[in-house]
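A quick write-up on the structure given underneath.
The values are calculated or read from the model by the stated rules, or taken from the named source; none is laboratory data. Just so we're clear, the structure is a prediction, and the values are computed from it rather than from any experiment. Cβ placement follows ideal geometry from the backbone for every residue including glycine, while neighbour counts extend to all protein chains displayed. Just so you know, the surface numbers come from the protein's heavy atoms only, side chains and all, with ligands and any DNA or RNA stripped out. Shrake-Rupley method; radii C 1.70, N 1.55, O 1.52, S 1.80 Å.
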Amino acid sequence: MKFKSTRNSNNIVSPSLAIIQGLASDGGLFVPTHMPKLSTPLDTLVGKSYQEVAYAVMKEFLTDFTEDELKYCIDSAYDSKFDTEEIAPLVQVGDAYYLELFHGKTIAFKDMALSILPYLMITSAKKNNIKEKIVILTATSGDTGKAALAGFGGVDGTEIIVFYPRGGVSKIQELQMVTTKESNTHVISVNGNFDDCQTGVKNIFNNEEFKKELLDKGYRFSSANSINVGRLVPQVAYYVWAYLKLVQNNTIKIGDKINITVPTGNFGNILAAYYAKKMGMPFNKLICASNSNKVLFDFFKTGEYNRNREFVLTSSPSMDILISSNLERLIYEIVGSDSTICKTLMEDLVDKGDYQITNEMKSKLTDFVPGYATEENTFETIKSTYEKHNYVMDTHTAVAGYVYNNYRRTTNDLTPCVIASTASPYKFTPNVMAAIDPKYKGLDPFDLIDKLHELSGIDEPLAIKEIRDGNIMHNINTDTNKMLDIVKNILGI
Ligand SMILES: *Cc1c(COP(=O)(O)O)cnc(C)c1O
């Protein structure tokens, strides 16, 4: 098993090098040269621990890791940092099954991948005799930032630099990031939106001259963004895990189909579900839930990807995205792995903000069902789920909850459905509480956290306790055109 670039099918590297490089040197994303099948029979995995399931899945992709190396990475990541031994509990709420991916350090699903990525990277560096210090450069719409800071903070041989859109993340998300203490962490707010941050980071990555300069100084860039296969691969594991849980609690028998609904932004999480399906998991529909920034909904409906539209700030900021980077991996597949066509489409997106796929390509997208939720739909779903089932969900999960309910109602498809629950309600307390009752609007976030505790009975996570009395450690602000200078400054170049 190797990985190849979506923009040059002849650019082929080992799994560990794909993790180190993050983005391919030609600007493409790494995809597996062939989709592996899950070789461990499903029935032998029922009842196994999360770590064991993760190993069975990840070893199919990371074939140049030894068993000991991969198990070391898995066991170092999925340990008592998570507040439950199950790591990702599956909770039945009404007729749906919520896969809670928010029990890690920063109470959002990105912990699932970012708690293991540093170990995968350090191991990959050792395997490839790489001596330079690894510099992680990341753009965040809120959750990636803190999850990456938590993952890499204090890890020897790494520096981590995070850019976030000023005013484009929640107060709590911002506090989580700027209170990070470790000396190898750097947090910068950018005057722009998430896409501006992401474009800025991509430009730095693609700056060959600067990369040479870096190597001379003993540094090497890598990416913790969801374009890194070291994030994608660990995410495949929890969809297999969720399926096994449904078997274990007798909801389904092995071989029965399930649907999966994912609240989607950069298209990483749902792509992992698609990879699991390609590995042989009996998944039927993959329901792609967007918020009001419904570029993906329009794309699946019409075959036109068009980012030329108003960027809307919503209550689910981690999904406020107009360029879903990971979609490139799916595009590569539907153009028949032709990297020239893929490259042209992606360049059109940069140059014109738009591309159109052919009907033949579109016919290969039938696994996906698109949907979206307005702000009103989202809040209504939080309220009604709380009132009917006494279950409090965050705004991102509620987007998926609404889209799922709507799908089930309009199609009458009664296939059991797993919904990826991507953040703790504690991470987005003000909007969650205001959705439950307007009387909570505008109150102090920390008072609302106390109220949420009373209402839900869920213990306040450690992540919240940590920011209540954390000090502000980072306060650099920059325009988008100064991002490179900031990086140079930090690294002393
Ligand atoms: C990042 C994020 C998403 C979107 O996931 P993608 O992999 O970017 O599609 C959804 N919800 C939350 C809470 C997130 O942090």
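Does region 344-493 classify as rounded, prolate or oblate by the C-alpha gyration tensor (a ≥ b ≥ c root eigenvalues; a/c under 1.5 gives rounded; else a/b over b/c gives prolate, otherwise oblate)? In terms of gyration-tensor shape, oblate. A 1.4 Å probe over all protein chains sorts D351, D111 by accessible area into D351, D111, starting with the largest.
For the residue pairs K181/K343; K294/K343; K245/K388; K4/K181, the C-alpha atoms sit more than 30 angstrom apart in K181/K343; K4/K181.
Extension gain for T44-I490 works out to 155.6 nm (0.36 nm per residue, less the C-alpha to C-alpha distance).
State to the nearest 20 debye the size of the charge dipole of region 365-493 about its Cα centre, where the only charges are +1 on K and R beta carbons and -1 on D and E beta carbons.
Numbers: 12 positive and 18 negative charges, 38 e Å.
The calculated dipole for region 365-493 is roughly 180 debye.
Full extension of the chain between H34 and K181 gives 48.8 nm of extra length, using 0.36 nm per residue less the Cα-Cα distance. Of the listed pairs K59/K278; K133/K278; K253/K364; K105/K212, which have alpha-carbon separations greater than 24 Å here? Pairs exceeding 24 Å: K133/K278; K253/K364; K105/K212.
Averaged over residues, the count of other Cβ atoms within 10 Å places the peptides 475-482, 459-466 in the sequence 459-466, 475-482, highest first.
Overall shape: rounded for the chain, with the ratio a/c of the largest to smallest alpha carbon gyration tensor axis below 1.5. Simple spin-label estimate for N206 and T480 gives 1.3 nm between the two label positions (7 Å along the Cα-to-Cβ direction from each Cα). In straight-distance terms, cross-link reach from K110 covers every one of the lysines whose alpha-carbon lies under 17 Å from its own, apart from those fewer than eight places away in the same chain; here that gives K81, K146, K427.
Label reach from K441 (point 7 Å along Cα→C-beta): in region 367-401, amide nitrogens under 16 Å belong to 375-380, 383. Each peptide in 195-202, 435-442, 29-36 receives the mean, over its residues, of other Cβ atoms within 10 Å, and ordering these scores from highest gives 195-202, 29-36, 435-442. For region 369-460, the solvent-accessible area of protein heavy atoms averages 43 Å² per residue (probe radius 1.4 Å; ligands and nucleic acids excluded).
The calculated FRET efficiency for the pair D351 and K2, based on their C-beta separation and a Förster distance of 41 Å, comes to about 0.85. Counted residue by residue at 0.36 nm each, then reduced by the alpha carbon distance between them, the extension gain from K217 to D64 reaches 52.2 nm. In this Cβ point-charge picture (+1 for Lys and Arg, -1 for Asp and Glu), the chain has a dipole of about 740 debye about its Cα centre. Ordering M121, M361 by accessible surface, largest first, gives M361, M121; the 1.4 Å probe counts only protein heavy atoms, with every chain in place. Ignoring aspartates and glutamates fewer than eight residues from K257 along the same chain, the ones with Cα atoms less than 13 angstrom from its Cα are D367, D413.
The protection proxy used here, the mean number of other Cβ atoms lying within 10 Å of each residue, ranks peptides 16-24, 78-86 as follows, highest first: 16-24, 78-86.
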